[in-house]
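Student: One structure coming up, written as structure tokens, with questions to follow.
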Amino acid sequence: NAGVTQTPKFQVLKTGQSMTLQCAQDMNHEYMSWYRQDPGMGLRLIHYSVGAGITDQGEVPNGYNVSRSTTEDFPLRLLSAAPSQTSVYFCASSRTDGSYEQYFGPGTRLTVT
Amino acid sequence: GENVEQHPSTLSVQEGDSAVIKCTYSDSASNYFPWYKQELGKRPQLIIDIRSNVGEKKDQRIAVTLNKTAKHFSLHITETQPEDSAVYFCAARANQFYFGTGTSLTVIP
């Protein structure tokens, strides 16, 4: 099993550009989520999904879109990048049947200039 | 929504001493409380977790305690070693996960 994979590892964007961060898992997990990690602020939930076709907002959803067309994939779209979105982004997945352990991807370091 | 507070933000201990990190939560519906260790530049890794129907759980040098009435839970690391140096995060799960702001633990050889 590859677990949770994320691409790209690093990305530099100019203000106003758009891009998609990719996340995939091969563990057949229903629950997938995106977090951003900023210094001194822990991990903050952006969006999450409890299954294909179902998404919901987390704590900091503004400026981001998600979709979940398959169980495996959960891409995060930045519509118009802003310097405030400079951060490290982690994707995670888990089961929803009582085994809640989250598995994290390796992260994407995004810089917006 | 849930609010998870974590203390202290930094902690230094001598090798061999114990370290304790404390978290509080606000949502009584939270039923799962994991602890993660994150080394510099790496992803968070689960080190121990506890469910709301259990008061204490231990795994070798690591233990977690949960007080549902007071809505707080703690991580205890005994016989600390330099490789325990990292940032530790607590979290609480109701229908989604909420994380504490992290504790940077330094173990001094």
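The values are calculated or read from the model by the stated rules, or taken from the named source; none is laboratory data. Everything quoted here is computed from the prediction, not taken from an experiment. No Cβ is skipped: glycine too gets one built from the backbone with ideal geometry, and neighbour counts run over all protein chains shown.
Student: Quick one: B:Asp49 ticks every box in (1) assigned to a strand (DSSP E or B); (2) at positive phi; (3) acidic (Asp, Glu) bar one, so which box is it?
Tutor: Only one criterion is unmet by B:Asp49, namely (2).
Student: Kindly establish whether A:Gly40 is outside any strand (DSSP E or B), among the small types (Gly, Ala, Ser) and within 24 Å of B:Phe89 (Cβ to Cβ).
Tutor: Values: outside any strand (DSSP E or B): yes; among the small types (Gly, Ala, Ser): yes; within 24 Å of B:Phe89 (Cβ to Cβ): yes.
Yes: the conditions hold for A:Gly40.
Student: Here's another thing I want to ask about it. State yes or no: is A:Thr5 under 26 Å from B:Tyr88 (Cα atoms), surrounded by fewer than 19 Cβ atoms within 10 Å (Cβ to Cβ), modelled with pLDDT of 95 or more and of a type in the set (Ser, Thr, Tyr)?
Tutor: In short, yes.
Student: When you scan the range A:20-74, how many residues do you find that are within 14 Å of A:Ala92 (Cβ to Cβ) and without any contact (Cβ under 8 Å) to a residue 12 or more places away in the chain?
Tutor: Within the range A:20-74, residues that are within 14 Å of A:Ala92 (Cβ to Cβ) and without any contact (Cβ under 8 Å) to a residue 12 or more places away in the chain number 1.
Results for (1) within 15 Å of the chain's Cα centre (by Cα); (2) without any contact (Cβ under 8 Å) to a residue 12 or more places away in the chain, shown as yes or no for each residue.
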| site | (1), (2) |
| --- | --- |
| B:Glu2 | no, no |
| B:His7 | yes, no |
| B:Ser12 | no, no |
| B:Ala19 | yes, no |
| B:Asp27 | no, no |
| B:Phe33 | yes, no |
| B:Gln45 | yes, yes |
| B:Lys58 | yes, yes |
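Student: Looking for something more than 20 Å from A:Ser99 (Cβ to Cβ) and among the acidic types (Asp, Glu) - is there at least one such residue anywhere in the range A:18-26?
Tutor: Checking the range A:18-26: not a single residue is more than 20 Å from A:Ser99 (Cβ to Cβ) and among the acidic types (Asp, Glu).
Student: Here is a further query. Any idea how many residues of the range A:55-112 are of a type outside the set (A, V, I, L, M) and over 24 Å from B:Leu40 (Cβ atoms)? Give the steps one after another, and end with the answer.
Tutor: Taking the range A:55-112 first, the residues of a type outside the set (A, V, I, L, M) are A:55-59, A:61-65, A:67-75, A:77, A:80, A:83-87, A:89-91, A:93-109, A:111.
Cutting the leftovers down to over 24 Å from B:Leu40 (Cβ atoms) gives us A:55-59, A:61-65, A:67-75, A:77, A:80, A:94-100.
Residues that pass the stated criteria total 28.
Student: Same structure again: State whether one or more residues within the range A:75-98 are within 15 Å of B:Arg43 (Cβ to Cβ), acidic (Asp, Glu) and within 14 Å of chain B (Cβ to nearest Cβ).
Tutor: no
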